[in-house]
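First the structure, in the form of structure tokens, and then the observations on it.
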Amino acid sequence: MQKKELLYEGKAKKVYLTSEEDKLIQEFKDDATAFDGAKKGTISKKGEINNAISAYLFEYLENYHIPTHYFEKLSANEMLIRKLEIIPIEIVLRNVAAGSLCARYNIPEGKVMEYPILEYYLKDDELHDPMINEYHAYAFGHATPDEMKAINRIASKVNAILKSFFDRRNLVLVDFKLEFGKRIKDIYLADEISPDTCRIWDKKTHKKLDKDRFRHDMGGVDKAYRELRDRLMGD
Ligand code: TMP
């Protein structure tokens, strides 16, 4: 299998074609952005840490029969993935109030939700990823009701699995964002699961171990990413 030309470059990853038609290489960058690209920077070793954490979590989820785009880790900052048609919707799951939820509904940060919240946002930086509901997804032709049903089921299952995985490591999975893709009629979990796309706090101190440290200039960003990797993969 050979790495071929660049197919797509995003803010935090590059995707390459390969000599196999149905496989792509996803390369993680150290570049970090926030607020739809308005804030830019780099986080030392982020590419390899996010690749390692994503690979580890995709493998973990496959044990629970979650279909993911992941095949294998190829190098420190590259993984081999299944080529999919990406659905341009960000699925956000929330267990604890943080970020945009607090501002939108005037809820104090840290309030534990009585039931997990599932939200959809249209993936469109220029429009600042507006919140949508399932009907927008059908009307805009992004997914069918059956596909949204599959996405909801997988997203809720991922939340249950990861919540307890993090809890056992004395970490709180506050919220996270997932993306899905389809191939013929099958839905797969795609993109990444990393401190760029999750909020994760220490259970006791509520210390933030994710991209919020970069978003809000809290300092200790590189160290927090390394600490999270070591606490997740250290055993
Ligand atoms: P929010 O509170 O800013 O809406 O973010 C909810 C979760 O989604 C949080 O874990 C961060 C993640 N996220 C992304 O992965 N990409 C994004 O573009 C945004 C806005 C949030």
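The values are calculated or read from the model by the stated rules, or taken from the named source; none is laboratory data. All values reported here derive from a predicted model rather than from experimental measurement. We place every Cβ from the backbone using ideal geometry, glycine too, and count neighbours over all the protein chains shown. Heavy atoms of the whole protein, side chains included, go into the accessibility calculation; ligands, DNA and RNA do not. Shrake-Rupley method; radii C 1.70, N 1.55, O 1.52, S 1.80 Å.
At-a-glance table
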| quantity | calculated |
| --- | --- |
| Filter pass, G110 being away from the ligand (no atom under 12 Å from the Cβ), at positive phi and open to solvent by less than 40 Å² (accessible area, probe 1.4 Å) | yes |
| Filter result (touching a residue at least 24 places away in the same chain (Cβ under 8 Å), open to solvent by 30 Å² or more (accessible area, probe 1.4 Å) and outside any strand (DSSP E or B)) within segment 12-28 | E21, D22 |
| Criterion (within 16 Å of the ligand (Cβ to nearest atom), open to solvent by 50 Å² or more (accessible area, probe 1.4 Å) and either out of contact with any Gly (no Cβ under 8 Å at 6 or more places or on another chain) or at negative phi (or both)) met by exactly one of Y115, Y105, Y138, Y56 | Y105 |
| Any pair with Cβ under 7 angstrom, 6 or more apart, that starts in segment 88-105 at a residue that is among the polar types (S, T, N, Q) and ends at one that is open to solvent by less than 20 Å² (accessible area, probe 1.4 Å) and near the ligand (Cβ under 8 Å from one of its atoms) | N95/V174; N95/D175 |
| Out of D230, D191, D175, D210, sole residue that is more than 13 Å from the ligand (Cβ to nearest atom) and charged (D, E, K, R) | D230 |
| Failed criterion for T144 (all others in (1) of a type in the set (S, T, N, Q); (2) within 15 Å of D175 (Cβ to Cβ); (3) free of Cβ contacts under 8 Å to residues at least 60 places away in the same chain hold) | (2) |
| Number of the condition not met by F165 [criteria: (1) farther than 14 Å from G181 by Cα; (2) open to solvent by 50 Å² or more (accessible area, probe 1.4 Å); (3) modelled with pLDDT of 95 or more; (4) not aliphatic (A, V, I, L, M)] | (2) |
| Every residue from segment 59-80 that is buried (at least 16 other Cβ atoms within 10 Å of the Cβ), among the hydrophobic types (A, V, I, L, M, F, W, C) and in contact with a helix residue (DSSP H, G or I) (Cβ under 8 Å, 6 or more places away or on another chain) | L61, I66, M79 |
